[in-house]
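The values are calculated or read from the model by the stated rules, or taken from the named source; none is laboratory data. What you see is a predicted model; the values in this text were computed from it and never measured. Backbone-built Cβ (ideal geometry, glycine too); neighbour counts: all protein chains shown. Surface areas here come from the heavy atoms of the whole protein model, side chains and all, with no ligands, DNA or RNA. Shrake-Rupley method; radii C 1.70, N 1.55, O 1.52, S 1.80 Å.
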Amino acid sequence: MSVKSPATTASSATTASSVAEATRAVVQEFLAARVAGDTGRLAALFADEVDWTLAENPAVPWIRPRSTAAECAAQFTELMEHTVPEDARASVDAFLVDGTDAVLMGHLSGTVRATGKAFEGPFALRLTVEAGRITRHHLYENSLSIAEACAP
């Protein structure tokens, strides 16, 4: 049987807290870069290889497989090319951090430029931060609403 000393337990808690704080800081920087539309900053925040998940949707031009920092950062530019920036809205209702993982939940809406149709719905975003860079980006959103807004 192994027994941890109070010093070891406190040290582990401090380390876990530091990891969570670092994760939170990177995610906050990611959100700030998204709001600012700063693709250079976004590219710097993504790791060289990213585990990117966003359900493929052939009707939606900005949704496609991605795996590099540049591709992940470019998603923002592609989204802005195909939607009306003034109509874009996103709110974060929950921001949870556990070690290297962060989950954001909220609501998003926008308008597709080509059709003038609106989309909206809830979203959940899971990010993993390792060595100060985002290594996982899994986005779950109302893909049906977005696909319908893209349809002529």
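Observations, loosely collected:
- The H on the amide N of residue 83, modeled in the peptide plane, is under 5 Å from the matching H of 113, each at least 5 residues off or on a different chain.
- Accessible-area ranking of 87, 101, 48, largest first, probe 1.4 Å: 48, 87, 101
- Other-chain or far-sequence residues with amide H under 5 Å of residue 67's (modelled H): 72
- Among 26, 92, 103, 35, the order of accessible area from largest down is 35, 92, 103, 26, computed with a 1.4 Å probe on protein heavy atoms.
- What separates the Cα centres of the range 85-135 and the range 27-55 is a distance of 11 Å.
- Kyte-Doolittle at least -0.5, axis length at least 30 Å by Cα - qualifying DSSP helices, the chain: 6-36
- Sequence-distant residues sharing a close amide H with residue 46 (under 5 Å, placed H): 134
- The chain - Rg over Rh from alpha carbon coordinates, Kirkwood radius: 1.07
- Accessible surface computed residue by residue for the chain, with neighbouring protein chains in place and a 1.4 Å probe, gives 54 Å² per residue.
- GNM top mover of 36, 74, 47 - the chain, alpha-carbon springs below 10 Å: 36
- Over the range 81-150, Cα pairs under 8 Å with separation of 6+ residues give a relative contact order of 27 percent.
- One decimal place: the segment residue 118-residue 144 gains 8.2 nm when fully extended, by the rule 0.36 nm per residue minus the C-alpha distance.
- Share of alpha-carbon pairs per 10 Å distance bin for the range 83-133, given as whole %: 24, 36, 27, 13, 1
- Heavy-atom accessible surface of the chain: percent carbon and sulfur, 1.4 Å: 58
- The range 37-141: GluC sites (Glu not before Pro) in DSSP coil with no more than 16 other Cβ atoms inside 10 Å: 56
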